[in-house]
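Taking it in order: structure first as structure tokens, then the write-up.
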Amino acid sequence: MTTSAFGEIPSGYPDDVVAVGPASGLHYVQLAPWMNVELERLELMAFPTTDPVDLYDREELLHLAHDFPEGGVVGFDGEQRETACAVGLGVRTHFDFDNPQHNVKTFFDGAPTESGDDPDGHWYYGTDIVVSPDYRRRGIGKELYDLRKQICRDLDLAGIVAGGVIPGFAEHKHELTADEYISKVRAGELYDRTLTFQIENGFEAVCGLANYMADPEVDSWACLIVWRNPDWTQSTEAGTS
Ligand SMILES: CC(C)(COP(=O)(O)OP(=O)(O)OC[C@H]1O[C@@H](n2cnc3c(N)ncnc32)[C@H](O)[C@@H]1OP(=O)(O)O)[C@@H](O)C(=O)NCCC(=O)NCCS
């Protein structure tokens, strides 16, 4: 038997399974190059109002699978491997919390690899987390976050940082600034179907990120979210890059 983020994987599962979802029963498999076309499809389905240039395409997914496969997990329903139900992707990076404003397209410029992964980076930058619409609200998103947290522990990373989308801002953008909206979600006065979920999963909603990714519905705003790994061995450096 193999041990995973969710305990031991019972015998009888295919060899590629790195974890079995305790709530969903999904087979979680490490990111691999052959998944690129399927994951491109999942991206386009999950972010219908986002400009596709800000999403992973099949070429970029190939680079990511080559550079940092251990940072990606893909969920399949049962033993079939044609249709993916869920994916969590990321790269290692440095992050300057004194200058948090950044844009998803240019943030990785200058990184040492094509995918943006910097093997010397202390932080896991969550580039993507998606659950197929038919599989939502079954705890799969939480499982993906638990798997990412385990990746941080396994690789001794400082934690997870990401630009989280704030779809609910679309309904409030005429009366609130993005930071006011985020404060209200943080305080539990407003519900955002993505940011509320991330806060419930232990993330801190830090501040609005202007022009993060092109999405006219939310005037291209996102929210900087951070989870700090309590087991990080270099924690005196926490808070900077
Ligand atoms: C955000 C996203 C990943 C969440 O995935 P998910 O699998 O639905 O997440 P979970 O099931 O773990 O949790 C979602 C909600 O369902 C609830 N839930 C979990 N299991 C449940 C169950 N069995 N029955 C009812 N509700 C359940 C959770 O408590 C959570 O509630 P909340 O709305 O109060 O936060 C998914 O909606 C998605 O892919 N969205 C589009 C892409 C996206 O926005 N990604 C994030 C980019 S930053």
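Along region 125-131 the Karplus relation, 6.51 cos²θ - 1.76 cosθ + 1.60 evaluated at θ = phi - 60°, assigns HN-Hα couplings of 8, x, 8, 6, 9, 9, 10 Hz to successive residues, with x for each Gly and Pro.
Sorted on the mean count of surrounding Cβ atoms within 10 Å across their residues, most packed first, peptides 171-178, 147-154, 213-220, 67-74 read 67-74, 147-154, 213-220, 171-178.
Compute the Rg/Rh shape ratio of region 32-104: radius of gyration over Kirkwood radius, all on alpha-carbon atoms.
Numbers: Rg = 13.8 Å, Rh = 13.6 Å.
Ratio value, two decimals: 1.01.
Listed by chain and number, the aspartates and glutamates placed with their C-alpha closer than 14 angstrom to that of LYS184 are GLU171, GLU175, ASP192, GLU204; residues fewer than eight positions away on the same chain are left out. Put simply, the amide H of ALA86, placed in the peptide plane, has neighbours under 5 Å in GLY75, SER132, leaving out anything fewer than 5 places away on its chain. Dividing the Cα radius of gyration of the chain by its Kirkwood radius returns 0.94 for Rg/Rh.
Among DSSP beta bridges whose residues both lie in region 2-237, state the antiparallel percentage, nearest 5. Display every interim value, and only then the final one.
Values: 34 of 37 bridges.
The antiparallel fraction comes to roughly 90 percent.
3J(HN,Hα) along region 3-13, derived from phi through the Karplus expression 6.51 cos²θ - 1.76 cosθ + 1.60 where θ = phi - 60°, amounts to 8, 10, 4, 10, x, 6, 8, x, 5, x, 7 Hz, with x in place of Gly and Pro. Per-residue Cβ neighbour counts within 10 Å put TRP34, TRP221, TRP232 in the sequence TRP34, TRP232, TRP221, beginning with the fewest.
Work out the FRET efficiency for ASP134 and ASP179 from their Cβ-Cβ distance, taking R0 = 41 Å, and round it to the nearest 0.05. Can you show the working numbers first?
On the way: r = 34 Å, r/R0 = 0.83.
With R0 = 41 Å, the Cβ-Cβ based efficiency is 0.75.
What FRET efficiency comes out for the pair SER11/TYR191, r = Cβ-Cβ distance, R0 = 41 Å, nearest 0.05?
On the way: r = 42 Å, r/R0 = 1.02.
For R0 = 41 Å, the calculated efficiency reads 0.45.
Values in this text are rule-based calculations from the coordinates and carry no lab data. On a predicted model such as this, the values are computed, not experimentally measured, just so you know. Quick reminder, even Gly has a Cβ in these numbers, built from the backbone with ideal geometry, and neighbours come from all protein chains shown.
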